[in-house]
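Here's the structure we're looking at; comments come further down.
The values are calculated or read from the model by the stated rules, or taken from the named source; none is laboratory data. Quantities reported herein were computed from a predicted structural model and do not represent experimental measurements. Using ideal geometry, Cβ is built from the backbone for each residue, glycine included, and neighbour counts are taken over all protein chains shown. Each accessible area value is taken on the protein alone, full model and side chains, heavy atoms only, with ligands, DNA and RNA left out. Shrake-Rupley method; radii C 1.70, N 1.55, O 1.52, S 1.80 Å.
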Amino acid sequence: MDRRNDPNPFDEEQQEVNPFSNGGNAPGSKSRIPQMVGLLANTLGFGQKHDATVDIPLDSMNDPKKKQKELAAWEADLKRREMDIKRREDAVAGAGVPVSDKNWPPFFPIIHHDIVNEIPAQSQKMQYLAFASWLGIVLCLVYNIVAVTVCWIKGEGVKIFLLSVIYALMGCPLSYVLWYRPLYNAMRTDSALKFGWFFLFYLLHIGFCIFAAIAPPIVFNGKSLTGILSAIDVFSDHVLVGIFYLVGFGLFCLEVLLSLWVLQKVYMYFRGHK
């Protein structure tokens, strides 16, 4: 069969697809080209609903006056916030709420302590006595380390030295947390609960001081504490160590007397304000 005269099935498509042919303005060409463009866009992933759109306001980028207005508004908002913070700080200061900043000791502040500004004038003397009592137990425990160290050097075991260090490391912070700070807050806020907390642990403090001043031979022959029995025990072997222990015994005795005085003062003050 002679198929030379048969029409080419691709001629019509080529005519309709070719945008540069005269038939490009035909209705068929107008419908085919958008379909092919849409198919190509879908294949490449364009035109999806999840595509991100970026709006770049070219007029604001090229408008210096608008930038100045935005900066001025930002500065005004910043000043407003600063004034709000300052107003709150002034309100807190006016309400008498103390700021617990660390200010003692002056050379290395580790605690907040301000009797003059936070304790009532009629209670400041009693608070100073309690503060002296806390400093007294710190002094006793630190000196106890020195005396026990001398005893250790003179031939005693290292166990008594380690015990004396444990006494100091635990006694100094615990005495502050358990009874001095509660008394300080009780004087400042007149809280009965804090007074009760102080009385409970201050009695334990006095009991420990009495035990240390006696130093009975219970733990390592009692030589980890510079009490009277320890002093008598070491005095016969080493006179120098005995002298150190007698001084420690005197410090613990003074601490007991001072603590009893503070306990009486605080109790009378509490009864008067009950």
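Annotations
- Of all residues making up segment 242-257, the number that are among the β-branched types (Val, Ile, Thr), under 39 Å from the mean Cα position of the chain (by Cα) and open to solvent by 60 Å² or more (accessible area, probe 1.4 Å): 0
- Among the residues of segment 112-157, those that are over 16 Å from TRP179 (Cβ atoms) and among the aromatic types (Phe, Trp, Tyr) comprise TYR143, TRP152.
- Exactly one residue out of GLY155, GLY196 is open to solvent by 50 Å² or more (accessible area, probe 1.4 Å) and either within 26 Å of the chain's Cα centre (by Cα) or over 15 Å from TRP134 (Cβ atoms) (or both), and it is GLY155.
Okay, residues lined up against (1) buried (at least 16 other Cβ atoms within 10 Å of the Cβ); (2) over 16 Å from GLY136 (Cβ atoms):
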site: ILE166; (1), (2): no, yes
site: GLY171; (1), (2): yes, no
site: VAL177; (1), (2): no, yes
site: MET187; (1), (2): yes, yes
site: GLY222; (1), (2): yes, yes
